[in-house]
1. Kindly indicate which of 134, 98 is of a type in the set (Ser, Thr, Tyr) and in contact with a Ser or Thr (Cβ under 6 Å, 6 or more places away or on another chain).
2. Could you tell me whether region 199-212 includes any residue that is at pLDDT 95 or above, over 16 Å from the mean Cα position of the chain (by Cα) and surrounded by 17 or more Cβ atoms within 10 Å (Cβ to Cβ)?
3. For residue 217, indicate whether it is aromatic (Phe, Trp, Tyr), over 18 Å from the mean Cα position of the chain (by Cα), closer than 25 Å to residue 62 by Cα and surrounded by 14 or more Cβ atoms within 10 Å (Cβ to Cβ).
4. Do you know which residues across region 34-80 are without any contact (Cβ under 8 Å) to a residue 60 or more places away in the chain, of a type in the set (A, V, I, L, M, F, W, C) and assigned to a helix (DSSP H, G or I)?
5. With respect to residue 83, determine if the residue is surrounded by 13 or more Cβ atoms within 10 Å (Cβ to Cβ), modelled with pLDDT of 95 or more, under 15 Å from the mean Cα position of the chain (by Cα) and under 30 Å from residue 26 (Cα atoms).
6. Inspect region 171-187 for any residue being in the same structural domain as residue 257 (by TED's automatic domain parsing), in contact with a strand residue (DSSP E or B) (Cβ under 7 Å, 6 or more places away or on another chain) and surrounded by fewer than 24 Cβ atoms within 10 Å (Cβ to Cβ) and give the result as yes or no.
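The values are calculated or read from the model by the stated rules, or taken from the named source; none is laboratory data. It should be emphasised that the depicted structure is a prediction, and the values quoted were computed from it without experimental measurement. All Cβ positions, glycine included, derive from the backbone under ideal geometry; neighbour counts span all protein chains shown.
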Amino acid sequence: MVGGLLPAGTTLPPLPHLLVVLLATAGVVAALRRRRPRVTGRRVLALAPWMALGSAAHVLYVVDALPPLLSPFAGSPTVYLTVGSLAGAAWLAVDAASPDRVPATLAAAGGLLLLPVVAVAVGTGLSPVGARWSAAALALTVPIAGGAWLGLTRFRPAAAVTGGVGALAVFGHALDGVSTAVGTTQLGFGERTPVSRILLELGGLPSVPVLGEGWLFLLVKLVVATAVVWLFAAYVRETPAEGYLLLGFVAAMGLGPAAHNLLLFSVAA
């Protein structure tokens with residue numbers, strides 16, 4: 001029964017790869033706990049390219065574009081530990097070398113690693129139809145996420161304290177909702193997560209342009225994301241370091257799958 005609750009494609013890498021990932025993750029976590037770099041909203045926001053990096057690397061895994069030695073590190077869920085340990089190591093290095101420039105340098109490092117991964121994925125073959133729908137999903141998400149954020153901060157002004165991290169959480173989950181609906185409705189992709197699949201396969205719902213019946217999935221994603229940011233407002237205000245880190249994790253749970261959708265559609269549709 002447990003396997004039925006996990007996303008399709010969830011696998012563990014061979015034991016040597018798994019040990020490398022676990023040791024690297026444990027080492028980085030221990031180093032972070034020892035050094036305790038300062039956590040701010042800008043520093044957590046700088047991890048956004050790293051969130052997309054993990055998703056892009058997994059796309060290379062899906063389309064079989066990685067060397068056999070590296071491929072097991074990009075499977076699901078191993079890729080999250082792989083990229084998480086790299087991001088943590090980069091944060092430690094930048095914090096030690098130039099503490100005042102952590103946000104900009106950390107974001108730039110993630111972006112520089114992301115670009116070649118995306119380039120390799122696109123190099124496997126660009127799907128014009130998939131790329132157009134990915135662009136449409138991104139364009140549609142901007143006003144939807146913007147409206148959700150404005151509505152949240154109007155009805156719950158205290159939520160504004162979450163700043164860019166809160167906005168990223170709303171945007172990431174909105175983009176995941178829109179892209180998933182577009183992928184299933186327009187491109188024939190399936191949903192790998194069982195709970196999400198249930199929402200997308202409910203019958204008898206009215207269909208809307210572009211999103212089809214997937215609008216319900218988007219609505220649920222928006223409600224959950226805005227509710228979490230709403231609840232986290234007090235946590236961020238009282239304990240900023242922990243609040244921003246946990247809210248950043250929430251943002252990653254939306255932005256990561258969304259970035260994966262957009263890139264996968266662009267190369268595999």
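1. After ruling out the rest, the residue left standing is 134.
2. no
3. The answer is no for residue 217.
4. Listed by number, the residues that qualify are 74, 79.
5. So residue 83 passes the test.
6. Yes.
Yes/no per residue for (1) among the charged types (D, E, K, R); (2) closer than 24 Å to residue 151 by Cβ; (3) free of Cβ contacts under 8 Å to residues at least 60 places away in the same chain; (4) assigned by TED's automatic domain parsing to the domain that holds residue 140:
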site	(1), (2), (3), (4)
191	yes, no, yes, yes
198	no, no, yes, yes
219	no, yes, yes, yes
222	no, yes, no, yes
227	no, yes, yes, yes
237	yes, yes, no, yes
250	no, yes, no, yes
253	no, yes, no, yes
262	no, no, no, yes
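Every residue, every condition in (1) closer than 19 Å to residue 160 by Cα; (2) touching a Cys at 6+ places or on another chain (Cβ under 6 Å); (3) modelled with pLDDT of 95 or more, yes or no:
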residue: 220; (1), (2), (3): no, no, no
residue: 223; (1), (2), (3): yes, no, yes
residue: 228; (1), (2), (3): yes, no, yes
residue: 236; (1), (2), (3): yes, no, yes
residue: 249; (1), (2), (3): yes, no, yes
residue: 266; (1), (2), (3): no, no, yes
residue: 269; (1), (2), (3): no, no, no
